[in-house]
Protein chains: 2
Amino acid sequence: MAEENEILKELEALFPGRVVTPVRYVQESWWPLAWINRSYLGSAVAAVVPESVEDVVRLVRFAYERGVPLNIVGGGSSVTGASAPRGGVVVDLKRLNKIREVDSRQRYAVVESGVVLQELEQVLNQEGLTLGQFPQSMDIATLGGFISTMGSGHSSSGYGNVEDVVSRLEVVVPPGEVYWTSFRRVPRSSLGPDLSKIFVGAEGAFGVITAAELKLYDLPKFIWEDSALFSTFEEGVEAVEKLASLDLPPKMVRLYDELETAYYTGLEGAVLIFRFATQSKAFLEAARSEVSDILRQGFRGPELVHKLLQERPNYREHITRILHRGLIVDTVEIAASWDKVADLYRAVKEALRGVEGVYFVTAHLSHIYRHGACLYFTILFMPSESLYFKIWDAVYSEAERFGATISHHHGTGVVKQRYLELEKPAELYRRLKAALDPKGILNPGRLVP
Amino acid sequence: MAEENEILKELEALFPGRVVTPVRYVQESWWPLAWINRSYLGSAVAAVVPESVEDVVRLVRFAYERGVPLNIVGGGSSVTGASAPRGGVVVDLKRLNKIREVDSRQRYAVVESGVVLQELEQVLNQEGLTLGQFPQSMDIATLGGFISTMGSGHSSSGYGNVEDVVSRLEVVVPPGEVYWTSFRRVPRSSLGPDLSKIFVGAEGAFGVITAAELKLYDLPKFIWEDSALFSTFEEGVEAVEKLASLDLPPKMVRLYDELETAYYTGLEGAVLIFRFATQSKAFLEAARSEVSDILRQGFRGPELVHKLLQERPNYREHITRILHRGLIVDTVEIAASWDKVADLYRAVKEALRGVEGVYFVTAHLSHIYRHGACLYFTILFMPSESLYFKIWDAVYSEAERFGATISHHHGTGVVKQRYLELEKPAELYRRLKAALDPKGILNPGRLVP
């Protein structure tokens with residue numbers, strides 16, 4: 001990178017009044033490692049807040065010409081370090097926040113990257129539509145960050161994950177060109193590979209996502225929310241696999257292990273909550289009849305659904321309380337095929353039981369598929385950097401042993417880069433990186449260092 | 001390319017007894033343009049028939065070192081020229097035909113590229129499973145070709161398209177490395193972009209697909225097939241959009257326009273056929289009740305379903321008869337959002353009505369989505385090369401005018417390359433090509449010339 005002051009002066013000339021000190025981007029983080037060791041908050045010489053795609057183009061061109069690293073930042077809700085800057089300039093996309101179009105006849109929206117997911121959902125709801133993506137972080141996560149980290153929400157079994165609702169992307173690629181990954185709004189095209197998929201999960205390393213075309217759903221007309229109690233988590237897993245294989249699976253399913261069940265509800269056993277949401281009463285009634293056959297122990301009512309889902313927005317308050325007590329809490333979401341889920345759950349618990357400084361390990365089944373599920377672990381431990389990595393490596397070892405992935409929906413960030421080469425052919429990512437960002441100016445060190 | 005005889009000698013030394021004259025690869029084709037002008041059948045100096053992934057690796061290494069173009073060929077059922085060799089060596093993958101694994105507990109299979117889709121489906125059926133992909137060409141199309149051309153089958157509204165059932169790919173990439181796009185069998189991973197998607201639809205230009213891991217479905221236990229008659233195609237389109245928006249859409253839906261209806265059934269109007277297939281009776285009954293509300297004119301029974309689906313395997317006999325009469329028949333499948341479908345249908349018919357040498361144009365709605373549908377046109381015309389391109393350009397013009405794609409599931413091939421730059425950012429494909437196949441030895445001229 002050229003001399004720092006010079007870069008700042010040039011940036012200021014390019015974006016008068018919109019180059020700010022990067023203080024806030026290196027002060028706050030939802031990445032637990034940064035709470036333990038603040039040096040992980042990262043560093044930057046300046047932050048720029050583009051207000052248009054043209055601004056992003058100018059910025060990428062500038063960075064390309066001058067060899068300046070750009071750290072693309074959305075809502076900053078990553079828990080794996082995906083938004084910690086690593087020198088150079090922070091590009092804060094939050095003012096790329098236009099909802100360019102909502103087509104309620106065709107159920108499409110075109111939305112800029114900086115729009116916060118919850119605000120988008122509210123606008124869509126007013127049109128009778130939903131994106132169906134409800135990550136815990138939706139009040140701070142932006143659409144661009146959600147796409148870049150390949151996020152997901154609690155209703156993925158009904159509405160799919162982010163890759164299922166993104167139909168096209170607008171990206172700025174070095175040396176500074178804007179592309180839509182397809183020029184047409186069509187349900188499907190076999191004219192070449194779907195280029196949007198290269199950028200979903202790339203964490204900004206291949207291009208800057210500036211907008212997305214999204215496939216929307218009608219808001220449901222009929223909803224059935226209910227709960228059930230199992231004597232053990234493993235027993236619940238068996239039942240949930242059956243729910244996942246229904247012709248029409250529930251939109252939302254969460255199964256809490258005994259510790260989380262006790263903590264959140266005071267009940268003994270493993271609580272299951274679920275939601276069916278349909279356009280027609282007939283399909284809802286069919287679901288009710290099928291689920292009654294699976295959950296022969298009967299239902300515990302919708303109150304537990306509300307109670308447990310309400311814990312989600314409260315999560316950050318929980319964290320703050322825990323931090324005030326001098327402890328750290330982290331979450332690890334690993335996904336495996338159904339035959340492995342229960343054993344993997346036990347193995348991770350067992351592996352962490354022996355680790356000094358770990359206070360407790362709880363889990364719930366958070367996302368389900370016909371072919372497997374995601375186990376979402378919450379781990380409370382002493383604030384120690386070496387312990388942090390010890391915990392991650394221990395969980396990873398079990399994931400590897402059971403053929404699971406170490407990342408279901410929290411992306412790669414910094415902490416999971418350690419495992420990327422072990423799960424994916426990193427050489428192919430390196431080739432894509434060289435092709436799309438030959439000078440390595442976009443989120444340097446991300447995805448493949 | 002080095003001197004031809006020398007190449008042949010070296011190949012023969014590398015693959016003793018498995019280098020054959022390429023005669024059959026340039027004699028037969030399902031590409032209508034090659035029936036009009038046999039020079040489009042292409043040319044090759046030799047064909048190699050690898051029997052293992054290791055063979056493919058050796059072949060790619062050889063080609064990379066010696067600068068020899070490789071033309072990857074599967075079943076050869078492309079109707080757009082995707083399998084016509086363009087000089088160099090034909091790589092016939094049909095002997096990479098092992099079904100490596102069928103895991104009926106987890107509903108996964110690992111299958112090599114050369115396996116013919118119908119044979120795969122039969123093996124899976126014996127295990128109570130289905131891939132759910134039923135292209136018309138399934139008795140000759142191979143899995144590898146189906147993936148490479150981004151194919152689809154008649155039940156895509158229930159089982160998805162090929163990209164939805166491929167979970168991982170094994171690919172050989174120059175200079176000659178084998179990669180799985182992910183090393184784990186997991187339902188989903190956010191550890192970097194899904195690399196398999198780069199190869200789906202790339203028509204062999206980015207790598208040689210040697211095997212795929214596939215997500216399977218249980219065979220349905222309950223089936224309801226039925227039909228209905230509309231007075232006009234447009235009226236049918238309105239009803240089909242409602243079917244596509246059901247909580248549980250039909251697995252298969254086809255709506256035939258008045259000409260196809262008359263030709264195949266002798267009835268007046270537009271025939272709709274559909275199939276619901278479920279694991280539970282309750283969901284099938286719910287579907288029946290919902291569909292009864294949509295199709296108030298009543299049902300015409302399952303016989304029309306059988307009759308019309310039976311026409312599919314007979315299609316090639318039809319073609320042969322037509323060819324014997326000195327005529328050419330081609331098919332064009334274009335997809336658009338629902339608000340455009342009926343107008344686009346009329347516009348294409350209208351545009352071709354004025355073209356001299358076109359005898360008739362018929363269509364059916366072949367694939368449906370919540371967000372749009374595919375119109376599948378069949379066009380009968382005089383055997384003339386200029387007419388062939390005139391027809392394609394006329395259909396493309398209407399597709400462009402209505403924001404449709406010129407390719408729903410027949411890939412890019414040769415004929416649709418003309419339109420790729422108009423629908424997709426070809427520059428990004430070029431960058432990927434340079435990254436993955438820097439010497440341009442794989443299917444040279446394909447996708448992006």
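Any read-out appearing in this document is the output of simple, stated calculations on the displayed coordinates, not a laboratory observation. None of the values given here were measured: they were computed from a predicted structure. Positions of Cβ are generated from backbone atoms using ideal geometry, with glycine treated the same way; all protein chains shown enter the neighbour counts.
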Quiz item: If you count, for every residue in B:417-426, the Cβ atoms of partner chains within 10 Å of its Cβ, what is the mean?
Solution: 4
Quiz item: Placing a label point 7 Å from Cα toward Cβ, how far apart in nm is B:GLN118 from its equivalents in the other copies, listed shortest first to one decimal?
Solution: 5.7
Quiz item: If you look at just the Cα atoms of region A:89-150, how large are its Rg and its Dmax in Å?
Solution: 11.6, 41
Practice problem: Rounding to the nearest 20 debye, state how big the charge dipole of chain A is about its Cα centre with +1 on each Lys and Arg Cβ and -1 on each Asp and Glu Cβ. | Solution: 560
Quiz item: Which entries of A:LYS215/B:LYS197; A:LYS98/B:LYS424; A:LYS98/A:LYS307; B:LYS307/B:LYS349; B:LYS340/B:LYS433 show an alpha-carbon separation above 29 angstrom in the structure shown?
Solution: A:LYS98/A:LYS307; B:LYS340/B:LYS433
Practice problem: Using packing as a proxy for protection, rank A:272-280, B:197-205, B:229-237 so that the peptide with the highest average count of other Cβ atoms within 10 Å comes first. | Solution: B:197-205, A:272-280, B:229-237
Quiz prompt | Virtual paramagnetic centre 7 Å along Cα→Cβ of B:GLN118, amide N under 19 Å, in region B:314-332 | solution = B:314-321
Exercise. Quote the FRET efficiency, to the nearest 0.05, computed for A:GLU238 versus A:GLU385 with a Förster distance R0 of 35 Å and r equal to the Cβ-Cβ distance.
Key: 0.35
Quiz prompt | For region B:396-420 versus region A:95-110, the gap between their alpha-carbon centres in whole angstrom | solution = 26
Exercise. Would you kindly work out the equivalent ellipsoid of region B:222-309 from its C-alpha gyration tensor and give its semi-axes, the square roots of five times the eigenvalues, largest first in whole Å?
Key: 22, 14, 10
Quiz prompt | Full-stretch length increase - B:TYR263, B:SER43 - with 0.36 nm per residue and alpha-carbon distance subtracted | solution = 75.4 nm
Exercise. Would you give the gap between the C-alpha center of region A:226-282 and the C-alpha center of region B:174-247, rounded to a whole Å?
Key: 28
Quiz item: If the label point is 7 Å along Cα→Cβ of A:ARG325, which residues in region A:376-407 have backbone nitrogen under 12 Å from it?
Solution: A:380-382
Quiz item: If we count other beta carbons within 10 Å of each Cβ, what is the order of A:TRP224, B:TRP31, fewest first?
Solution: A:TRP224, B:TRP31
Self-check item: Label-point separation in nm, A:GLU303 to A:GLU10, each point 7 Å along Cα→Cβ
Solution: 6.5
Quiz item: How long are the three semi-axes of the equivalent ellipsoid of region A:86-214, in whole Å, if each is the root of 5 times an eigenvalue of the C-alpha gyration tensor, listed from largest down?
Solution: 21, 18, 14
Quiz prompt | Peptides ranked, highest mean first, by Cβ atoms within 10 Å: ranges B:147-158, B:96-107, A:89-100 | solution = B:147-158, A:89-100, B:96-107
Quiz item: Regarding region A:4-94, what is the average projected area of its C-alpha convex hull, in nm²?
Solution: 5.5
Exercise. Determine the shielding of peptide A:402-409 by partner chains: average, over its residues, the number of Cβ atoms on other chains within 10 angstrom of each Cβ.
Key: 5
Exercise. Kindly give the distances from A:GLN310 to its copy-mates, label point to label point, with each label point 7 Å from Cα along Cα→Cβ, as nm values to one decimal ordered shortest first.
Key: 6.2
Exercise. Based on alpha-carbon positions alone, could you give the equivalent ellipsoid semi-axes of region A:315-415 from the gyration tensor, as √(5λ), descending, whole Å?
Key: 23, 15, 12
Quiz item: Cα atoms only, the protein assembly as shown: Rg and Dmax in Å?
Solution: 27.6, 86
Quiz item: How much of the DSSP beta bridge set in the protein assembly as shown is antiparallel, as a percent to the nearest 5?
Solution: 85
Quiz item: Where the centre of each part is set by its Cα atoms, how far does region B:49-84 sit from region B:295-366, in angstrom?
Solution: 34
Quiz item: Between B:LEU219 and B:TYR359, what is the spin-label point distance in nm, taking each point 7 Å from the Cα along the Cα→C-beta axis?
Solution: 4.0
Quiz item: What number, rounded to the nearest 500 deg cm²/dmol, is the helix-based mean residue ellipticity at 222 nm of chain A, given -39500 (n - 2.57) per DSSP H run of at least four residues and division by all its residues?
Solution: -10500 deg cm²/dmol
Quiz prompt | Beta bridge orientation in region A:15-96: antiparallel %, DSSP, nearest 5 | solution = 20
Quiz item: If only Cα atoms are counted, what is the Rg of region A:56-128, and what is its Dmax, in Å?
Solution: 15.6, 47
Quiz item: What is the ratio of the Cα radius of gyration of chain B to 2.2 N^0.38 Å, where N is its residue count, to two decimals?
Solution: 0.99
Exercise. For a footprinting-style exposure proxy, rank A:HIS371, B:HIS306, A:HIS409 by other Cβ within 10 Å, fewest first.
Key: B:HIS306, A:HIS371, A:HIS409
Quiz item: What does the average come to when, for each residue of peptide A:175-187, you count the partner chain Cβ atoms lying within 10 Å of its Cβ?
Solution: 6
